[in-house]
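J.: Take this structure, written in structure tokens, and hold onto it; I'll ask about it next.
The values are calculated or read from the model by the stated rules, or taken from the named source; none is laboratory data. This one's a predicted model, so the numbers in the text were calculated from it and none came from an experiment. Glycine gets a Cβ as well: all are built from the backbone with ideal geometry, and neighbour counts include every protein chain shown. Please note that ligands, DNA and RNA were not included when accessible areas were found on the heavy atoms of the full protein model with its side chains. Shrake-Rupley method; radii C 1.70, N 1.55, O 1.52, S 1.80 Å.
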Amino acid sequence: MERLASFSNDPFDKPPCRGCSSYLTEPYVKCAECGPPPFLLCLQCFTRGFEYKKHQSDHTYEIMTSDFPVLDPNWTAQEEMALLEAVMDCGFGNWQDVANQMCTKSKEECEKHYMKHFINNPLFASTLLNLKQAEEAQHNENSHSFPP
Ligand SMILES: [Zn+2]
Ligand SMILES: [Zn+2]
């Protein structure tokens, strides 16, 4: 039993990201619906909505990390991203507008979720936002270098 536990805790025995095959560092994402074997994704592939065979981007998931608690399993990756975007678009505190933009969640759910997971977990929120901004910057650069 002890050997089994130390085996699964050894980071070198962890499978790589299924999206880009990179070595996984925390926080990474584990699909709660696929596996075994565990379906693991780095945050970058996760926020891109990576899908593979049975795995769909709207599957429930767990954030694997020792730094902050697991997010709400009722929220999909798309909803997390949509919430962050909606709050940026509508402004913090405009929960009715945020909920209208989200469609799938109520005003109360948006507010509660944001307060619980993003205000209390600035690391996770900034990680998602940084990834998103990096992607947008890259996209803008690409469109500049290839004028229509
Ligand atoms: Zn990846
Ligand atoms: Zn899955």
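J.: Output the residues belonging to segment 48-63 that are open to solvent by less than 50 Å² (accessible area, probe 1.4 Å), assigned to a strand (DSSP E or B) and of a type outside the set (F, W, Y).
T.: H55, I63 - these are the residues of segment 48-63 that are open to solvent by less than 50 Å² (accessible area, probe 1.4 Å), assigned to a strand (DSSP E or B) and of a type outside the set (F, W, Y).
J.: Might you check whether a residue that is among the aliphatic types (A, V, I, L, M), under 23 Å from C20 (Cβ atoms), modelled with pLDDT under 75 and open to solvent by less than 60 Å² (accessible area, probe 1.4 Å) occurs anywhere in segment 70-81?
T.: Checking segment 70-81: at least one residue is among the aliphatic types (A, V, I, L, M), under 23 Å from C20 (Cβ atoms), modelled with pLDDT under 75 and open to solvent by less than 60 Å² (accessible area, probe 1.4 Å).
J.: Tell me yes or no: at least one residue of segment 14-23 is within 24 Å of Q133 (Cα to Cα) and modelled with pLDDT under 90.
T.: Within segment 14-23, one or more residues are within 24 Å of Q133 (Cα to Cα) and modelled with pLDDT under 90.
J.: With the checklist (1) among the small types (G, A, S); (2) open to solvent by less than 30 Å² (accessible area, probe 1.4 Å); (3) modelled with pLDDT of 70 or more in hand, flag the one item A125 doesn't pass.
T.: Single failed check for A125: (3).
J.: In addition: So, in segment 9-47, exactly how many residues are in a loop (DSSP other than H, G, I, E, B), touching a residue at least 40 places away in the same chain (Cβ under 8 Å) and not aliphatic (A, V, I, L, M)?
T.: Adding up the residues that qualify gives 2.
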